[in-house]
Every structure is written in C-alpha cells, then in structure tokens.
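Taking it in order: structure first as structure tokens, then the write-up.
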Amino acid sequence: MKADLNTILRDIKAAARIGHTESVWTALDNLQGFPQIAGNHQLDGAFLKRVIIPVGQALAHPLLNPNVLRPLISHENTGIRAVAGAALAERYLKGLPGTRLKDLQQMAKDLRQEVREAILLACAQPSTPAPEKQAEIFQTWLSHSSPQLQGLALQLLSSLPESLILEQLPRLEGYDLPQKPEVRQALAEAVTKLGQGENGLQVLAILSVWAENPERYYWVITRSLSRSWAARFPEETLAILTHLAAVEGGRKKILGTLKALQRHGANEAVQAALEAWRLSDNPRLRAAAQKADKKRK
C-alpha cells in the first residue's frame, strides 16, 4: 500500500481533536506505506523534511494525550523513533504539558543519526516561534556531558533566529571544548555558518579569545578561518593567525589557512602579513614565513 502523506496528517489531526488514540495508531501504521520506513532504511534529509517533520508536528496537537508518544520513543523502527523525536521537540517548544526536556535529551542521544537529525530540524524550525525554549535547549545541551548533545547544540545554534544567535554567541567564549572529533567538527561548522552570515566580526572576536588557548582551540580556529567568509575580514583574521603562529610556528594548518585566504581574495593582505613575519623579532613567526616561502616555490 502506497502511503499518502496528506491523508496521514489529516487522520492524525482528526484523531487528536477527538482524543481517539486508536485512530492515531492507525494513521501511524500507514507510515509503513513509505518503503524507507517499512524497510527501516536510511532516511535522507529530504525525506526527514518532507515526511518525518510534518508528521511529528501533527503529533504535537495540544489535545493529543502525550502518553500516546511513549511507546514510540523506544520503537524498533528508526523512522517511527524519528517521528517521535520530532513530535517531542515540537511539543516541548510549544510548552505542552507532559513533555520533559529529559525525554527529548534521551532521544537526542539515539544511535541512529536520522533520529538526532529529526530532533535538530524540529528544534530549529518549530511551527510556531519559541525563542526562549530554543535558547533553553541550546544552553542545556551545550553544558551537558554528552558529546552528542553538545554537537547537536552547536548545530542548532547556527539555525536559530538572528536575534537569538547574537544573544547566545557570548556563551561560546568560555566554552570548554572537549577533544572529541565530532564536537570539534560541529563547533567549526557552527562558527563557519555564523561567520558566513551577519555575525562575522562577533565570531572573530570569539576566535580571538580562543586563540589565547591554542592547545584546545587551534584546530577549530584554523578550520573555520580557512573558509571563504574569513577573507571578508583580512585584518582581523590575520591578527588571529599571527597570534597563533607566534606560539605555534609554521604548523601545517596555519600555512594552509593562509593559502585558503589567498584563494578567497585576500592575497595582498596575506603577503603583507608574511612580510611582517619575516621582519619580526619572534623566531616562530620568522620560521613560519620561511616555511610559507618554501611552499610557494
């Protein structure tokens, strides 16, 4: 049987309005008409946005008994768990009773990436504005001991409304970055996305603070500054790289970031910085400039 999404959504909403639990379950059973769900296959982003998120939002109807969702949280089918995660996120953002952040956190640590992605999408794109709840989720997950939750928090940040991003950016200044590859990657991607928008100078101010602790933030800083957005701010970007090179010397990622800046249109500024490094009293800066010169030949 081929699934009809509009029919499923209509049936869920109708069942929720009259409080008919069995009808909700029947509508959810019809999701098995999607081969991705029936076969418990991998769910791509397009399917999550087209099917999983709308169904989750429908399950966030205020008249629906939250106990209906309980069995879905531990369902064996990934698609059903993804629906449950999206529904819990939507219900939490709406402030509906019977939905706890603890439950959402449990699902956000699901082993399947699709479930975590569905929760992230639902948190980032609620059907109704919920900035205070979004901020609460970001802050709670960023300070959590779970690397998965920290990674989701960082991914969520760049998807939040502009005003909320600006409000939450200062929290990153004192972020005690764990040396977990998935968290470092998520932080670098979040910083890059924020830098590509209207917050470039604010992001660079945070990177300047992080540059005081290169042992912890070196990889994230150089990864972020190697992207095209940083070339819009050559003076600030090169000041950060100069600070790093004065401590770290001509490490591979520093030189690679300089090359990336040149590719993205900041060649003159890079050349001026390298000339200053050659004439510097700092031996590490001079060594970094020599390495850059050798790589150029």
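Listing for the model above:
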| read-out | value |
| --- | --- |
| Test result for Leu88, in contact with an Asp or Glu (Cβ under 9 Å, 6 or more places away or on another chain), at negative phi and buried (at least 21 other Cβ atoms within 10 Å of the Cβ) | yes |
| Of all residues in region 237-249 being out of contact with any Leu (no Cβ under 9 Å at 6 or more places or on another chain) and under 19 Å from Ala272 (Cβ atoms), the one that is surrounded by the most Cβ atoms within 10 Å (Cβ to Cβ) | Leu244 |
| Extreme residue, farthest from Ala58 (Cα to Cα), among residues of region 1-25 that are modelled with pLDDT of 90 or more and open to solvent by 60 Å² or more (accessible area, probe 1.4 Å) | Asn6 |
| 3 or more residues without any contact (Cβ under 8 Å) to a residue 60 or more places away in the chain and buried (at least 20 other Cβ atoms within 10 Å of the Cβ): qualifying helices (runs of 4 or more DSSP H) within region 96-194 | 101-108, 113-124, 131-142, 147-157 |
| Failed item, numbered, when Tyr217 is tested on (1) crowded, with 19+ Cβ neighbours inside 10 Å; (2) in contact with a Gly (Cβ under 9 Å, 6 or more places away or on another chain); (3) modelled with pLDDT of 90 or more | (2) |
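Residue-by-condition table, conditions (1) closer than 27 Å to Gly174 by Cβ; (2) touching a Phe, Trp or Tyr at 6+ places or on another chain (Cβ under 7 Å); (3) open to solvent by 70 Å² or more (accessible area, probe 1.4 Å):
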site: Ser208; (1), (2), (3): yes, no, no
site: Ile221; (1), (2), (3): yes, yes, no
site: Arg232; (1), (2), (3): yes, no, yes
site: Glu235; (1), (2), (3): yes, no, yes
site: Glu268; (1), (2), (3): no, no, yes
site: Leu274; (1), (2), (3): no, no, no
site: Arg286; (1), (2), (3): no, yes, yes
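The values are calculated or read from the model by the stated rules, or taken from the named source; none is laboratory data. As the structure is a prediction and not an experimental result, all values here were calculated from the model. Note that we place each Cβ from the backbone using ideal geometry, even for glycine, and neighbour counts take in every protein chain shown. In case anyone asks, the SASA skips ligands and DNA or RNA and just uses the protein heavy atoms, side chains included. Shrake-Rupley method; radii C 1.70, N 1.55, O 1.52, S 1.80 Å.
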